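To keep things clear, I will list the structure first and then write my remarks on it.
The values are calculated or read from the model by the stated rules, or taken from the named source; none is laboratory data. Model, not experiment: these values are computed from the prediction. Positions of Cβ are generated from backbone atoms using ideal geometry, with glycine treated the same way; all protein chains shown enter the neighbour counts.
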Amino acid sequence: MSERKPVVLVTAADLAPEALALLGGYEIVYAGKTPSDDDIVSLCGQHDPAAIIVRYGKVGAAAMAAAPSLRVISKHGSGTDTIDKTAAAARGIAVRAAAGANAAAVAEHALALMLACAKSVPLLDARMRAGHWDKAVHKSLELHGRTVGLVGLGAIGLRFARMADAMGMNVLGFDPYAKELPSFVQRADLDTLWKQADVISLHCPLTEENRNLLDAKTLARCKRGVIVVNTARGGLIDEAALLEAVRGGQVRAAGLDSFAVEPMLAGHPFQKESGFILSPHIGGVTSDAYVNMGLAAARNVRGVIEAR
């Protein structure tokens, strides 16, 4: 009788074929398109996975307790805030991220949101479709020569910085963990960044220390008419404070790909405000990133389970 293959639970309905090829010696179990926390716990109890590849949903202490064979939780992406790392550490379960696998995709999306905010792309498109020709009355914002402030200088933040520099923008960056920085990034503390940046773009992980980093106090310290871009985590922003700042003109526009509650619920106030450009947390969702993140997540699974 053949020995049972180790189980890898994927908290989604699919995984890139290239990643599956790397996991040929494992049994793959899918949790479905939108698994709830309870679904994940139940599947852990049924299949006792050796590894979990996290795409959607959260993996908490209850899921880990239901899977005594669990050795690694591998994120299909760079952010691990959906994994209870304290519970994992207590059980000796490794937590790995696909660092940098979606950096190009997310940085490009942040750039797209910044440009859309500065150039009023969705508003002008809607006005054109309604029969208006606003050439005589509309003025967009030129970004050349203006300053972008980046919070987080990992793979995504530095890639975005390089694109902003190529556009002729001045780049300020805050990241207490970044060591050597390229010449086109000027290191700055947060107070300097808030005061000098014409655009603020967030590229850092969410922690309890930086939750609501952008709140009423910090937004008030920013330049009037600042653009805010967030392709990181929704919890970095106090959404009520940002709403008031947009309505009052302190923030010219906000381009957001991440939100405090996801999926965004119908009737969210951002949906009715023209000063917001919204996308459903798809900055890292491209065909290339899908493969790259799947491969990195699969390699991280094998790296832990097959370590000698």
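Would you tally the residues in region 68-96 being in contact with a Leu (Cβ under 8 Å, 6 or more places away or on another chain) and aliphatic (A, V, I, L, M)? Matching residues across region 68-96 total 1.
For region 229-255, filtered to residues that are assigned to a strand (DSSP E or B) and touching a residue at least 60 places away in the same chain (Cβ under 8 Å), the residue that is farthest from the chain's Cα centre (by Cα) is Arg252. Here region 256-279 is the region considered, the condition is being more than 19 Å from the chain's Cα centre (by Cα) and farther than 24 Å from Asp198 by Cβ, and the residue that is surrounded by the most Cβ atoms within 10 Å (Cβ to Cβ) is His268. Residues in region 212-260 that are basic (Lys, Arg) and under 14 Å from Met114 (Cα atoms): 1 in all.
Let's see how each residue does on (1) within 28 Å of Thr286 (Cα to Cα); (2) not in a helix (DSSP H, G or I):
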{"residue": "Leu111", "(1), (2)": "yes, no"}
{"residue": "Asp125", "(1), (2)": "yes, no"}
{"residue": "Asp165", "(1), (2)": "yes, no"}
{"residue": "Lys179", "(1), (2)": "no, yes"}
{"residue": "Ile200", "(1), (2)": "yes, yes"}
{"residue": "Ala220", "(1), (2)": "no, no"}
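Of the residues making up region 273-308, just one is among the basic types (Lys, Arg) and at pLDDT below 95, namely Arg308.
Residue-wise test of (1) in a helix (DSSP H, G or I); (2) in the same structural domain as Ala297 (by TED's automatic domain parsing); (3) at pLDDT below 95; (4) touching a Ser or Thr at 6+ places or on another chain (Cβ under 9 Å).
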| position | (1), (2), (3), (4) |
| --- | --- |
| Ile28 | no, yes, no, no |
| Gly32 | no, yes, no, yes |
| Val41 | yes, yes, no, no |
| Ala62 | yes, yes, no, no |
| Gly77 | no, yes, yes, no |
| Gly92 | no, yes, no, no |
| Val95 | no, yes, no, yes |
